[in-house]
Amino acid sequence: MPSYISTLSLQLSNVTTSTFSLKKSTITDFNSTPPFLQGLIRKPFITISCVSAKRKTGSVSEKSESQELVYLLLRNFNDQKPLISTLNKYVKIVRTEHCFLLFEELGKKDKWLQCLEVFRWMQKQRWYVADNGVYSKLISVMGKKGQTRMAMWLFSEMRNSGCRPDTSVYNALITAHLHSKDKPKALAKALGYFEKMKGIERCNPNNVTYNILLRAFAQARNVDQVNALFKELEEGIVSPDTYTYNGVMDAYGKNKMIREMEDVLSRMKSNQTKPDIITFNLLIDAYGRRQSFDKMEQVFKSLLRSKEKPTLPTFNSMITNYGKARLREKAETMYQKMTDMGYTPSFVTYESLITTYGYCDCVSRAREIFDGMVESGKEVPVSTLNAMLDAYCMNGLPTEADLLLDNVCSNGLHPQASTYKLLYKAYTKANIKELIDKLLKRMDKDGIVPNKTFFLEALGVFGSSGSGSESNNKSPGSVSKQIKSRSESSSRLPGSSSKQIKSGSESNRRLPGSSSKQIKSGSGSNSRSTDSGRLVQRNS
């Protein structure tokens, strides 16, 4: 094991941005835990809540008032009632800050065209003044939605309006290009803007610029370019920070480039940059994915000896990785340690346990956890249902998976497209035509309209497998015919249904809600930072 992965190399900063208060959970939380897990817990759950050390009541109040107005605007427009008419109705109170929040909310809902409508409306108002921040935000939204050309148009529009580009605008533009599918071309464009920034006084690259590029080249496995950028940082005025190292280590770790990740950790130590909890978590996750459990456990011990404390993602990652290696006892021990330290399991924790028992051929225990979550009266995310169905399928029990789907649907629970894709893969692999036909009919009923890509992705898993190909050829219904007929019917079927559930990114920062009769995907929190580079680092 490298010498730099030591207790001293992973000591954290004394500065903390928040304090933690502990409060005992109600007995109801404990009773909702599956019976066999209750035996593992030797003391009641303690909820850990984060309390801000400083509060600025004035600014918080103003921000909440602005958000309330934005939510009011969003509620008052639909297909029949355009957004512009709603804005005109509230024209006397809507200002730049409200439009800025509108860009964020519309961007989250993939309504980038409405963002442009709001922008055009803004330009017609007497109070409007061309501002770099507005253009930067719009360029960022367009980039995330893959609208690179629109981002370029906004950049030109900004200069034509008399605004002079600054570093934040170029950072947004670079990030927008990096969202495009043609990665080599995107990286070349990003480097071009990077070099151009160096020649403009008010646009010199900052930490965020380097963080964006370092992470992008690390994800592309371009080690030479990463080293060149690090060398520039070390020789220049701008210095790498914790976000810099975390972003690069995370990219290397997810690409299974462990040696390169450790080299970056060594650089971090030599530059006396102290790791934070994100550093620990990404190291634990990277080593766990590679099943380098000795190193993973060493990092965890270092974390426990530091002034920082583990978070739920720390434990969830270790439980999941132990489970995938079929180390059930270690996974259960980690769960026990988590509860002993006063952490309340989230739905992601339970999903990790369901996945663990799925890999360890303990499907009955996985089902106990799932049933316990449903019976607790809390909202069960789609990802939890998917984890339970996957546990059945990986253990060769497609019929049981179908019965579970019947059960949850009869209770008013509605799965989403990811659920159907998972089951379609399993039923195709098992070559059970009856289940495939039943699944396709259910998809029609729920308004889930798959396209050719849906089926090809499902079948692609078995393309290299002889048995899989053989079973596909022998299928009475001929899956290739199903693909053709389904893709033809896609154009005739409605694109959406009231029963279709909006998909969202799963968040492990909040517990399931209040209803056991509905499955919803958790919506991930988005930072409101304009600089996308720092946003990426915070969400890693």
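The values are calculated or read from the model by the stated rules, or taken from the named source; none is laboratory data. Everything numeric in this text was worked out from a predicted model, so none of it was measured. Cβ coordinates were reconstructed from backbone atoms using ideal geometry, including for glycine residues, and neighbour counts include every protein chain displayed. The area values use the complete protein model at the heavy-atom level, side chains included, leaving out ligands, DNA and RNA. Shrake-Rupley method; radii C 1.70, N 1.55, O 1.52, S 1.80 Å.
Mind checking which pairs have a first residue in the range 399-428 that is touching a residue at least 40 places away in the same chain (Cβ under 8 Å) and within 14 Å of THR384 (Cβ to Cβ) and a second that is of a type in the set (Gly, Ala, Ser) and open to solvent by less than 50 Å² (accessible area, probe 1.4 Å), Cβ under 7 Å, 6 or more apart or different chains? What qualifies is GLN416/SER521.
The number of residues in the range 169-186 that are without any contact (Cβ under 8 Å) to a residue 40 or more places away in the chain and within 17 Å of SER140 (Cα to Cα) comes to 11. Only one entry in LYS269, LYS301 is out of contact with any strand residue (DSSP E or B) (no Cβ under 6 Å at 6 or more places or on another chain), of a type outside the set (Phe, Trp, Tyr) and more than 30 Å from VAL238 (Cα to Cα), namely LYS301. Here are THR344, THR349: which of them is within 21 Å of PHE315 (Cα to Cα), outside any loop (DSSP other than H, G, I, E, B) and of a type in the set (S, T, N, Q)? From the options THR344, THR349, the qualifying one is THR349. Annotation note: Cβ proximity below 7 Å between a residue of the range 251-267 that is farther than 16 Å from ASN222 by Cβ and a residue that is surrounded by fewer than 17 Cβ atoms within 10 Å (Cβ to Cβ) (sequence gap 6+ or interchain) occurs for ILE258/ARG290; GLU262/PRO2; LEU265/TYR4; SER266/TYR4. May I ask you to list pairs of residues, at least six apart or on different chains, whose Cβ atoms are under 6 Å apart, with the first in the range 225-246 being under 10 Å from ASN211 (Cα atoms) and open to solvent by less than 40 Å² (accessible area, probe 1.4 Å) and the second being polar (S, T, N, Q) and assigned to a helix (DSSP H, G or I)? Final answer for the pair search is ASP241/ASN207; THR244/ASN211; ASN246/THR279; ASN246/GLN537. Of all the numbered requirements in (1) among the polar types (S, T, N, Q); (2) within 29 Å of SER317 (Cβ to Cβ); (3) more than 20 Å from the chain's Cα centre (by Cα), THR209 misses one, and that requirement is (2).
Take the conditions in contact with a Ser or Thr (Cβ under 9 Å, 6 or more places away or on another chain), touching a residue at least 24 places away in the same chain (Cβ under 8 Å), open to solvent by 40 Å² or more (accessible area, probe 1.4 Å) and on the phi < 0 side of the Ramachandran plot and apply them to LYS108. Does it pass? Against the criterion (in contact with a Ser or Thr (Cβ under 9 Å, 6 or more places away or on another chain), touching a residue at least 24 places away in the same chain (Cβ under 8 Å), open to solvent by 40 Å² or more (accessible area, probe 1.4 Å) and on the phi < 0 side of the Ramachandran plot), LYS108 qualifies. If I filter the range 198-206 for residues that are part of a helix (DSSP H, G or I) and within 28 Å of the chain's Cα centre (by Cα), do I get at least one hit? No, because not a single residue in the range 198-206 is part of a helix (DSSP H, G or I) and within 28 Å of the chain's Cα centre (by Cα). Taking the range 118-176 as the range and being surrounded by fewer than 14 Cβ atoms within 10 Å (Cβ to Cβ) and aromatic (Phe, Trp, Tyr) as the test, only TRP127 passes. Scanning the range 363-396 for residues that are of a type in the set (A, V, I, L, M) and buried (at least 17 other Cβ atoms within 10 Å of the Cβ) returns VAL363, ALA366, ILE369, MET373, VAL374, VAL380, VAL382, LEU385, ALA387, MET388, LEU389, ALA391. Put simply, of ASN271, ASN281, ASN207 the only residue that is open to solvent by 60 Å² or more (accessible area, probe 1.4 Å) and touching a Pro at 6+ places or on another chain (Cβ under 8 Å) is ASN271. Is it the case that some residue within the range 243-251 is within 28 Å of MET318 (Cα to Cα) and more than 19 Å from the chain's Cα centre (by Cα)? Yes, the conditions are met somewhere in the range 243-251. Yes or no: the range 143-155 includes at least one residue that is of a type in the set (D, E, K, R) and in contact with a His (Cβ under 7 Å, 6 or more places away or on another chain). Within the range 143-155, one or more residues are of a type in the set (D, E, K, R) and in contact with a His (Cβ under 7 Å, 6 or more places away or on another chain). Restricting the search to the range 323-346, which residues are open to solvent by less than 10 Å² (accessible area, probe 1.4 Å) and farther than 20 Å from LEU397 by Cβ? Listed by number, the residues that qualify are ALA331, TYR335, MET338, THR339, GLY342, PRO345, SER346.
Within the span defined as the range 233-247, one or more residues are more than 17 Å from ALA151 (Cβ to Cβ) and either in contact with a strand residue (DSSP E or B) (Cβ under 6 Å, 6 or more places away or on another chain) or among the aromatic types (Phe, Trp, Tyr) (or both). Could you grab me the full set of residues in the range 397-417 that are buried (at least 18 other Cβ atoms within 10 Å of the Cβ) and not in a helix (DSSP H, G or I)? LEU413, HIS414, PRO415, GLN416, listed by residue number.
Screening the range 422-457 for residues that are of a type in the set (A, V, I, L, M, F, W, C) and at pLDDT below 85 and picking the one that is most open to solvent (accessible area, probe 1.4 Å) gives LEU456.
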